[in-house]
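Structure, as structure tokens:
Each value in this text was obtained by applying a stated rule to the coordinates, not by laboratory testing. Quantities reported herein were computed from a predicted structural model and do not represent experimental measurements. Glycine also receives a Cβ, built like all others from the backbone with ideal geometry; neighbour counts cover every protein chain displayed.
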């Protein structure tokens with residue numbers, strides 16, 4: 001594969017790519033949407049609810065970007081508000097109570113950047129998810145299907161398994177943001193994309209994800225079917241684990257990530 | 001008579017006896033800093049004697065050593081995990097040089113200083129983030145030091161007090177930096193689940209990935225007056241939304257109004273208040289720091 005990192009960024013962002021809801025309806029059956037965070041409102045960029053995965057009850061949470069321009073605006077281009085993260089946490093806590101596993105479908109350029117989001121504690125909402133997901137007493141699998149934009153993506157990715165689609169990206173900052181901060185020139189984004197090591201291959205090599213999902217037949221029924229089998233098999237393994245062991249493994253999964261030097 | 005006066009009037013400095021005879025002010029005068037709030041020039045010695053706070057109440061930024069001096073009981077601080085330093089995991093262009101330069105100029109090894117300390121006799125674990133080390137940005141080493149501190153505090157049943165200042169995750173370490181948000185949050189959660197106390201003090205500026213992780217996870221969250229605290233950068237928000245930002249947006253006072261901090265505490269009152277909160281929340285069986 002001789003594609004540049006920035007070409008992958010463009011593929012991950014492409015509006016021809018299946019969105020969170022496409023995945024949700026492709027992989028799961030009998031979806032019933034549950035709205036609202038019970039605190040302030042209902043964020044349309046985060047969709048969650050009950051569903052079945054090969055006959056098993058699960059909680060599914062998806063970040064949805066939308067297809068048409070009208071829908072994209074309604075869903076604020078898949079950039080969640082604090083209410084979106086709080087709704088997700090509410091549904092995860094519900095799943096924990098009723099011993100349902102959780103599957104998160106992530107596709108966001110990042111958490112919503114706006115006055116209201118700051119007023120309602122965007123940082124606090126993400127921080128709470130990171131903390132609470134770490135000890136959620138039920139299996140969690142997160143799937144990065146397109147853009148994995150920084151803290152806004154991580155807030156749904158403190159999971160037992162994190163998988164990435166072949167052309168998805170996962171990054172601490174957008175290549176444009178990085179280039180404009182470091183070199184005062186957003187046009188150098190392709191260079192930044194290369195340096196940020198944001199492809200699925202990079203994330204796998206760094207131990208941030210466990211699996212890369214090949215994109216052959218992306219969006220076709222066979223693609224979703226094979227993903228359904230993979231998720232189902234993985235969940236069966238996680239559900240067979242003792243909860244304490246599951247939580248210890250989740251903690252260690254993140255505990256070991258970091259490359260520092262010891263003097 | 002006006003005429004002789006005109007003749008003997010000195011025409012330049014030299015005729016007055018030369019430059020050396022004039023009072024030399026610029027060299028002898030103490031260095032000073034202009035306060036961005038009241039616009040007065042404050043001599044540095046007076047500023048330092050007043051914990052870097054101007055007489056108008058403006059809180060200047062403060063390095064970790066100066067902060068330690070007013071917070072900690074004398075000679076009570078023991079540094080922990082000082083051996084953990086930043087690598088360059090992505091071989092990011094310019095990062096290694098920048099680290100080296102920053103280490104020299106700040107005389108610190110990393111953007112956070114961790115250790116055990118006593119505050120008015122109360123033992124606790126303490127972390128102080130360093131504004132003069134890449135603006136307190138969090139890479140692997142910062143995440144590792146903070147995680148180890150919470151694990152140490154859990155093992156020894158100690159409270160943690162943390163002063164945050166950060167531009168966010170350190171982008172030169174890419175995903176390694178991002179993952180530190182989850183790693184530190186996990187350590188905070190374990191410490192919290194054991195019934196132990198964590199106090200954060202948000203100082204100027206606390207933003208990005210640090211706001212969205214351990215800064216906002218304290219049992220009690222204090223802030224310094226006027227500190228900028230937020231998730232997204234104000235300029236980015238202005239450019240994205242094309243709306244004028246409300247007055248005082250993302251200040252400590254703004255967060256207090258919206259319910260995200262417990263209290264705003266000036267530096268002069270911090271030591272006594274922190275000691276009190278540590279006394280109130282001291283854990284059973286906690287060890288001496």
For residue B:69 and residue B:83, extending 7 Å from Cα along the Cα-Cβ vector and measuring point to point gives, in nm, a value of 3.0 nm
Compute from the Cα atoms of the protein assembly as shown the Rg and the Dmax, the latter being the longest Cα-Cα distance, and quote both in angstrom.
-> 26.5, 115
Per the helix-only model, chain A has a calculated mean residue ellipticity at 222 nm (DSSP H runs of ≥4, -39500 (n - 2.57) each, divided over all residues, rounded to the nearest 500) of -13000 deg cm²/dmol
Using the Kirkwood radius built from alpha carbon pairs, what does the Stokes-Einstein equation give as D for the stretch A:1-103 at 20 °C and 1.002 mPa s, in µm² per second?
-> 146 µm²/s
Between residue A:52 and residue A:201, what is the FRET efficiency for a Förster distance of 35 Å, r being their Cβ-Cβ separation, to the nearest 0.05?
-> 0.60
Euclidean distance between Cα centres, the stretch A:194-212 to the stretch B:164-231, Å = 25 Å
With all pairs of different alpha carbon atoms counted, what Kirkwood hydrodynamic radius in Å does the stretch A:121-184 show?
-> 13.0 Å
Computed [θ] at 222 nm, deg cm²/dmol, chain B (DSSP H ≥ 4; -39,500 (n - 2.57); rounded to nearest 500) = -10500 deg cm²/dmol
Taking every Cα atom in chain B, find the radius of gyration and the maximum pairwise distance Dmax, and write them in Å.
-> 23.8, 93
Estimated distance in nm for a label pair at residue B:33 and residue A:239, the labels positioned 7 Å out from Cα along Cα-to-Cβ = 6.0 nm
Taking r as the C-beta separation of residue A:261 and residue A:216 and R0 as 41 Å, the FRET efficiency to the nearest 0.05 is 0.50
Acute angle (nearest 10 degrees) that the helix B:174-193 long axis makes with the longest principal axis of chain B, alpha-carbon atoms = 60 degrees
When only C-alpha pairs under 8 Å and at least 6 residues apart count, what is the relative contact order of the stretch B:158-280, in percent?
-> 24 percent
Of the residues B:69, B:267, B:157, which exhibits the maximal mean-square fluctuation in a Gaussian network model of chain B defined by a 10 Å Cα contact cut-off?
-> B:69
What is the spin-label model distance, in nm, from residue A:10 to residue A:248 if the labels are put 7 Å beyond Cα along the C-beta direction?
-> 4.9 nm
Here the relative contact order (percent) of the stretch A:5-253, from C-alpha pairs under 8 Å and at least 6 apart, is 19 percent
Where Rh is the Kirkwood radius over the Cα pairs of the stretch B:156-269, the temperature 10 °C and the viscosity 1.306 mPa s, what D in µm²/s does Stokes-Einstein return?
-> 106 µm²/s
List the relative contact order of chain B as a percent without decimals, with contacts defined as Cα pairs under 8 Å and 6+ residues apart.
-> 15 percent
Could you order peptides A:187-195, A:105-113, A:6-14, B:175-183 by the average number of other Cβ atoms within 10 Å of their residues, highest first?
-> B:175-183, A:105-113, A:187-195, A:6-14
If R0 is 45 Å, what FRET efficiency do you get for residue A:137 and residue B:101 from their C-beta distance, rounded to 0.05?
-> 0.45
So, in Å, what gap is there between the alpha-carbon centers of the stretch B:74-99 and the stretch A:5-54?
-> 39 Å
